[in-house]
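Heads up, the thing below is written out as structure tokens.
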Amino acid sequence: MRLVPFIISSVLTIALVVVLSMQWGTVPPLGSFLSPQHGLWKNAEDVEKNFEADLSFPNLKGKVQVFLDDRMVPHVFAEHERDLFFVQGWLHAKFRLWQMEFQTYAAAGRISEILGAGAGDRYLNYDRSMRRLGMGYAAERSLQAAENNPISKMQYEAYAEGINAYIDELKPADYPIEYKLLNYRPEKWTTLKTALFLKYMSYDLAGKDDDFEFTNLRTIFAKADFETLFPIYADSLQPIAPRSPENPYPSKAAMDLHPPSHADSLYFTFQGDSITSSSLNKPDKDNGSNNWAVAGTKTKSGRPIICNDPHLGLNLPSLWFEMQLSTADFSCYGVSFPGSPNIIIGFNDYIGWAVTNAGRDVKDYYELQFKDGSMKQYWYNGEWKATTDRIDTILIKGRAPLYDTIRFTDFGPAMYDRHFKVDSGSLKCLAVRWKAHDPSNEGFTFYGLNHSRNYDDYLAAIKNFTCPAQNFLFASKSGDIAIWQQGEFPAKWRRQGDFIMPGTDSSYLWKGIIPQQQNPHLVNPSRGFCSSANQAATDSTYPYYLGNSFPVYRGYIINRKLSRMDNITTDDMKAMQTDNYNVKAEFGRDILLKTPVDRLNEDERKYLQIFRMWTLRNDPAERGATIYSIWWRELEYAIWHDDFEKTKLPVSWPAENVLVESLHKDSAYKFIDDIRTPEKETLQDQLVASLKTATGKLKQLEKDGKLEWGKFKDTKVQHLLRQTALSRLHLPIGGGAGVINATKEDHGPSWRMVVQLTDDIEAWGVYPGGQSGNPGSKYYDNFVDSWAAGKYYRLWVMKESEQNDKRVVGKLTFSK
């Protein structure tokens, strides 16, 4: 009788082994995933983990020591610079391997290899769009430029060798948990991956466009109405580089910027095709930042203070990795990008630098005319011209590969054609001209900044930066402050590139590149500060077209605060970086308070009264901030929706400042009237209607316990795979769009830094994450609560002689 139970037990055991070794859809093989020896349990890190090791690699020339402090920040001391970047690569891989590799898969259009095609081919279409945008092509050209520079070539190669040295010794049991979850393994790092990562930065910061949406707006608005709704310059603009006798703009453009004679009539016509879908995979429109530097004349110490908080997606693992890099020639501290060498934002013994996004339009679309369905020739300047073809192989998990032919033209790659349509019914063929396609070596900018000792070094370093254009801020111990909007900008006529342009000849091509010395800048301004918050860099007297949409209010409130401050300290700057005052609400408050109370019911009056008593601060416990946010959104909808609903096509809505400024200038603003009704609505009518609509939503929020701003906004820092268990949710933090503390639901200050350039530099910083990419480590998210509370860590610029300091918790020694 024992035989029967044995047979049954054996069969069940064999079946279980087979099941657990198979992958079911996106679920990894559970046997290996749950294995105590090899699976996720191996990723649980001992709280008292020892971080001591002696390591040897034949690639090294000399000795490198890494001291890990109590926040797991590595302080790297190398005898040779090449070894420094080897070890930086090794450390990035040790703490962030999956993140840095996954981002290069995203940049290269390889997500389908890991995740499959996705529902409705979501991931496959993403991959195709990235490849057709020319990300791989752009990275290859960038790498060629880097390899022509001996220093960059050395950096990229040493960095890749360091990453691969770590991967070579990594056992499958020790793979980061995401590899186990998705059932794949890391591949060798290449210098092209570093180029791809940096090109992904171009996509994230200079990949936005609204060409399709603006093209669609031509179908519903005449030119005058379009200009009213989409003005180029805001009334409340505080430009980054204001024109003044000490800072004059160029008197005229360096080239002829007259548009083709038929350009204006082409842009504003009610005929022609429209686009029924917007371009795919747009970066977050609020990818931006704040930075400012105050001169010693305005600080208590008499030395400059420089500040930065780049606003990006709030993710785990964090975009940033904090570290110190030191050789006998330089010592630099700040945050780095896992995936690229150097310190990206930070300071050294002489200077500090900070960056914000310029937001200039450097990506345009051109409509091509192909000769026939083969798409091998296109009409250009009166003749048929042959395309250059690139055949991409897209590997897809669980499916046969897709072979995609991309046609390259004088404009750039044909991103959309009959095989990859911009919309379901269109035969439009659109080529994209993007500045990121041009050869460039942005990484060398950061190498130069890491080594800079003065203003001239800084200026020489940033001249290597072409795309994505940034506002590079500078301050030095010697007392200088400066800001340059740096990039290679196409010289455009007014509105060039706001719409899809004809691609049958060269008349709509860019006329050239703005000379670097004519880029907007300030050097040691008499007002005592430089600042930027992604607003337009100049006023309308600058002879080149900047683009069509820039935020206004963060720049406005930063400049107002700095102009009123003296005897500034680092504590003042930390308080300012985390300030929640809503200046847009200040501008709009008098408009909303014109609401006739006698036309409101009890609930509506209650919310109006809460709004009336609001401090105009977006603090977490404030209810007025939620009321304002919802009410203002409903007012915009009430005033504009009837006009915009004339089309079902994707369109852009006016910028954040337009309604406030329009209503202040004209209480009988044309768009107040609802054209769908026989009555002529007044502003008071729309105020009442919008508050009534808002009240229904506010009552539900109050019932759900979410009327307070922090609970309504519900900020979270999500894992890159959007796994709830690996994310931090429901963070009690204020801020919001248009506020200096620009924290939204899943986007905001990704690194806060305040540096005072005294003889012994005083620096503070924090980011919403942790140094480790391992969710099983206590260093995975240990900075998040401090960040949410507006607290900072003192940044320790370690001296090698301080290796016995109590803050040191681990030491890694690298040698040949």
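The values are calculated or read from the model by the stated rules, or taken from the named source; none is laboratory data. These figures come from a predicted structure and were not determined experimentally. We place every Cβ from the backbone using ideal geometry, glycine too, and count neighbours over all the protein chains shown. Keep in mind that these areas ignore ligands, DNA and RNA; they rest on the heavy atoms of the full protein, side chains included. Shrake-Rupley method; radii C 1.70, N 1.55, O 1.52, S 1.80 Å.
Over the chain, Cα pairs under 8 Å with separation of 6+ residues give a relative contact order of 19 percent.
Apply the a/c threshold of 1.5 to the C-alpha gyration tensor of the chain and tell me whether it is rounded, prolate or oblate.
Working: a/c = 1.31, a/b = 1.23, b/c = 1.07.
Taking the square roots of the gyration eigenvalues as a ≥ b ≥ c, the chain is rounded.
Surface exposure of the stretch 645-738, expressed per residue as accessible area with a 1.4 Å probe, stands at 50 Å². Among the lysines, which fall within straight-line cross-link reach of LYS670, defined as a Cα-Cα distance under 17 Å, with same-chain neighbours fewer than 8 residues apart omitted? Result set, ordered by chain and number: LYS223, LYS646, LYS680. Per-residue ellipticity at 222 nm from helix content only, as computed over the chain with -39500 (n - 2.57) for each DSSP H run of at least four residues, stands at -10000 deg cm²/dmol.
Taking amide H as placed 1.01 Å from N in the peptide plane, THR299 has its amide H under 5 Å from the amide H of ASN567, ILE568, each at least 5 places away in sequence or on another chain.
Based on the alpha-carbon gyration tensor of the stretch 709-760 and its eigenvalue square roots a ≥ b ≥ c, which shape applies: rounded if a/c is under 1.5, prolate if not and a/b is larger than b/c, or oblate? Spell out each step's value before the answer.
Details: a/c = 3.06, a/b = 1.65, b/c = 1.85.
Note, shape of the stretch 709-760 comes out oblate.
Among the protein heavy atoms, those of LYS171 account for about 130 Å² of accessible surface (1.4 Å probe, every chain in place). Taking K and R as +1 and D and E as -1, what net charge do the other residues with C-beta under 10 Å from the C-beta of TYR553 add up to? Local net charge: 0.
Overall, the accessible surface of the stretch 486-602 at a probe of 1.4 angstrom is composed of carbon and sulfur to the extent of 45 percent. Output the pairs from LYS252/LYS463; LYS252/LYS435; LYS463/LYS713; LYS61/LYS193; LYS199/LYS397 with a Cα-Cα distance over 31 Å in this structure; if there are none, say none. Check vs 31 Å cut-off fails for LYS463/LYS713. The local environment of GLY136, defined by Cβ-Cβ distances under 13 Å, has a net charge of +4 under the rule Lys, Arg +1 and Asp, Glu -1.
Ranking MET72, MET201, MET255 by solvent-accessible area of protein heavy atoms (1.4 Å probe, all protein chains present), from largest to smallest, gives MET255, MET201, MET72. For a straight C-alpha distance cut-off of 18 angstrom, the aspartates and glutamates reachable from LYS699 (same-chain residues fewer than eight places away being disregarded) are GLU602, ASP603, GLU604, GLU622, GLU634, GLU708, ASP714.
Remark on GLU322: its backbone amide H falls under 5 Å from those of SER336, a criterion applied only to residues 5 or more positions apart or on other chains, H modelled at 1.01 Å from N. Candidate cross-link partners of LYS300 among the lysines, defined by an alpha-carbon separation under 18 Å and a same-chain spacing of 8 or more, comprise LYS477, LYS561, LYS574.
With the whole protein complex present, ASP590 retains an accessible surface near 70 Å², based on a 1.4 Å probe.
Summarising the amide proton neighbourhood of TYR416: residues at separation of 5 or more, or on other chains, whose placed amide H is nearer than 5 Å comprise LEU430.
For the stretch 302-432, the alpha-carbon radius of gyration amounts to 1.66 times the rule-of-thumb value 2.2 N^0.38 Å expected for a compact globular protein.
Please compute the net charge surrounding TRP379, taking Lys and Arg as +1 and Asp and Glu as -1 over other residues with Cβ under 12 Å from its Cβ. Mind dumping the intermediate values first?
On the way: positive: LYS371, LYS385; negative: GLU367, ASP372, GLU383, ASP410, ASP505.
Residues close to TRP379 contribute a combined charge of -3.
Measuring with a 1.4 angstrom probe and ignoring ligands and nucleic acids, GLU708 comes out at about 70 Å² accessible. How would the stretch 79-207 be classified by its alpha-carbon gyration tensor: rounded, prolate or oblate, with rounded meaning a/c under 1.5 and the a/b versus b/c comparison settling the rest? Since a/c reaches 1.5 but b/c is at least a/b, the shape of the stretch 79-207 is classed as oblate.
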